[in-house]
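Engineer: Sharing a structure with you now.
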């Protein structure tokens, strides 16, 4: 169906099923990613590696949360197998959307791609031999009814999220390894009235909370957001962002500190080009840098003890603040922690 608005294309690509098989791609993936600037920690004692992500290839589906913000209310399960046997590890957040994937129907294409679509958002699962695990698509033009939102208006999200399987304290960590292959398959902007190039964008992001997990600490439960900017329609390589998470009466926010290093800390390649990008990085030095930045700015003031803090939970996906539509393909995601074997992660 022809879209009623004129679009300006940022980048595009063919679906994952037309790319080289994953086994072939993985043999060359290291050429498309770089490590963080800081090196990995090295210790003398034996270490163990903890996988912090349950179902990293998303094969058990998603539990869909209501678009109404404030609390998680389940609206259904998206099961790629279609047989009702899925037990999702993942939640699917669609905050402030006018539509809900909780009512979407499962369809299967001839190439085996499974899709759930609510008219403005969609999820796709790819066959195991394909180059991607899932695709996330969000159309801000449909969400905003073809008019650019005003300052303070809420914006739609499409985020995959879960609490981490373990919460190792920062001093016990030798590294915190992040791995992801991704590409932005489509990214277009409609010619809507009121467009502001400074505010209206599509952002693909990864966030993990760095949280005070010490129940005996007066700051128990407090946290900051550590982010990786995977794509921003305004910048080929998104710049750093260190600020308070602020909102409005129409779009409440957490009020917590956001520490998002610039994309150049993770890669030299731009997702605007539509090609696959591999991130394979030790986040630990940057997480510590973010914790110290939070303290310097007056956040997390009830505890300045690094031993109180650990990774808590994560989300990843789209936030679109204007008349843009975008599709990202994700593959081979994982977050692992290497800890001293004598240490046992505690809550």
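Engineer: Checking the condition surrounded by 20 or more Cβ atoms within 10 Å (Cβ to Cβ), touching a helix residue (DSSP H, G or I) at 6+ places or on another chain (Cβ under 7 Å), at pLDDT 95 or above and on the phi < 0 side of the Ramachandran plot, which residue from 180, 164, 176, 158 passes?
Structural biologist: 176
Engineer: Can you confirm whether residue 52 is surrounded by 16 or more Cβ atoms within 10 Å (Cβ to Cβ), farther than 27 Å from residue 250 by Cα and modelled with pLDDT of 95 or more?
Structural biologist: Yes: the conditions hold for residue 52.
Engineer: Follow-up question, since we're still on this one. Criterion first (in contact (Cβ under 8 Å) with a residue 24 or more places away in the chain, closer than 16 Å to residue 319 by Cα, surrounded by 22 or more Cβ atoms within 10 Å (Cβ to Cβ) and touching a strand residue (DSSP E or B) at 6+ places or on another chain (Cβ under 8 Å)) does residue 283 satisfy it?
Structural biologist: No, not satisfied.
Engineer: Restricted to segment 222-264, and to residues that are assigned to a loop (DSSP other than H, G, I, E, B) and in contact with a strand residue (DSSP E or B) (Cβ under 6 Å, 6 or more places away or on another chain), which residue is farthest from residue 182 (Cα to Cα)?
Structural biologist: So the residue we want is 222.
Engineer: List the number of the failed condition for residue 34; all other conditions in (1) surrounded by 17 or more Cβ atoms within 10 Å (Cβ to Cβ); (2) touching a helix residue (DSSP H, G or I) at 6+ places or on another chain (Cβ under 8 Å); (3) at pLDDT below 90; (4) in a loop (DSSP other than H, G, I, E, B) hold.
Structural biologist: So the condition that residue 34 fails would be (2).
Engineer: Taking segment 213-243 as the region of interest, how many residues are in contact (Cβ under 8 Å) with a residue 60 or more places away in the chain and crowded, with 23+ Cβ neighbours inside 10 Å?
Structural biologist: Final tally of qualifying residues: 6.
Engineer: Still on this structure: Name the pairs: first residue in segment 266-277 and crowded, with 20+ Cβ neighbours inside 10 Å, second residue part of a helix (DSSP H, G or I) and at pLDDT 95 or above, Cβ to Cβ under 7 Å, at least 6 apart or on different chains?
Structural biologist: 277/271
Engineer: Here's another thing I want to ask about it. From the list 154, 171, 88, exactly one residue is under 30 Å from residue 215 (Cβ atoms), under 22 Å from the mean Cα position of the chain (by Cα) and touching a residue at least 12 places away in the same chain (Cβ under 8 Å). Which is it?
Structural biologist: After applying the criteria, what remains is 88.
Engineer: Give just the number: which of (1) more than 20 Å from residue 328 (Cα to Cα); (2) in contact (Cβ under 8 Å) with a residue 12 or more places away in the chain does residue 246 not satisfy?
Structural biologist: (2)
Engineer: Further question on the same structure: How many of the residues making up segment 73-103 are more than 23 Å from residue 54 (Cβ to Cβ) and out of contact with any helix residue (DSSP H, G or I) (no Cβ under 9 Å at 6 or more places or on another chain)?
Structural biologist: 2
Conditions (1) out of contact with any helix residue (DSSP H, G or I) (no Cβ under 7 Å at 6 or more places or on another chain); (2) within 24 Å of residue 126 (Cα to Cα), marked per residue:
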| residue | (1), (2) |
| --- | --- |
| 242 | no, no |
| 258 | yes, no |
| 295 | yes, no |
| 298 | yes, no |
| 302 | yes, no |
| 310 | no, no |
| 329 | no, yes |
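Engineer: Assess whether residue 302 counts as being surrounded by fewer than 17 Cβ atoms within 10 Å (Cβ to Cβ) and farther than 18 Å from residue 175 by Cβ.
Structural biologist: Criteria met by residue 302.
Engineer: Against the definition (at pLDDT 95 or above and out of contact with any strand residue (DSSP E or B) (no Cβ under 9 Å at 6 or more places or on another chain)), how does residue 118 come out, yes or no?
Structural biologist: yes
The values are calculated or read from the model by the stated rules, or taken from the named source; none is laboratory data. These numbers were taken from a predicted model, which means no experiment stands behind them. Positions of Cβ are backbone-derived with ideal geometry, glycine not excepted, and every protein chain shown enters the neighbour counts.
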